[in-house]
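Just below is one structure, and these are the notes that go with it.
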Amino acid sequence: MNKYQKVVLLIGVVILILLFGKTITRVSFGVMALLGKGLIVVAATIFIIYTLKKKANKKPKQ
């Protein structure tokens, strides 16, 4: 490759990153947000089950 082909290739790569970079960033942030929400739901569910089991064990036996 000569000097001009390398320059054109770099310009093309920069243009592609500018065009598709925002889309890729939005998708990656969307995936991270879904994973975060999933972790919160799982943690809340485990906490609720744990507290319910703890309360069931503390009930006085009659």
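The values are calculated or read from the model by the stated rules, or taken from the named source; none is laboratory data. No experiment lies behind these values; they were computed from the predicted model shown. No Cβ is skipped: glycine too gets one built from the backbone with ideal geometry, and neighbour counts run over all protein chains shown.
Any residue in region 4-11 that is part of a helix (DSSP H, G or I) and either loosely packed, with under 10 Cβ neighbours inside 10 Å or at pLDDT below 85 (or both)? Explain how you work it out, then say what you get.
We begin by selecting, within region 4-11, every residue part of a helix (DSSP H, G or I); these are 4-11.
Cutting the leftovers down to either loosely packed, with under 10 Cβ neighbours inside 10 Å or at pLDDT below 85 (or both) gives us 4-5.
Yes, region 4-11 contains at least one residue that is part of a helix (DSSP H, G or I) and either loosely packed, with under 10 Cβ neighbours inside 10 Å or at pLDDT below 85 (or both).
For region 24-45, enumerate the residues that are under 8 Å from the mean Cα position of the chain (by Cα) and of a type in the set (A, V, I, L, M, F, W, C).
First, the residues of region 24-45 that are under 8 Å from the mean Cα position of the chain (by Cα): 28-36.
Matches in region 24-45: 29, 31, 32, 33, 34, 35.
Quick check on region 21-31. Is at least one of its residues free of Cβ contacts under 8 Å to residues at least 24 places away in the same chain, surrounded by fewer than 10 Cβ atoms within 10 Å (Cβ to Cβ) and assigned to a helix (DSSP H, G or I)?
Of all residues in region 21-31, those free of Cβ contacts under 8 Å to residues at least 24 places away in the same chain come to 21-31.
With surrounded by fewer than 10 Cβ atoms within 10 Å (Cβ to Cβ) added as a condition, the list becomes 23.
Subset that is assigned to a helix (DSSP H, G or I): 23.
Yes; the residues of region 21-31 include at least one that is free of Cβ contacts under 8 Å to residues at least 24 places away in the same chain, surrounded by fewer than 10 Cβ atoms within 10 Å (Cβ to Cβ) and assigned to a helix (DSSP H, G or I).
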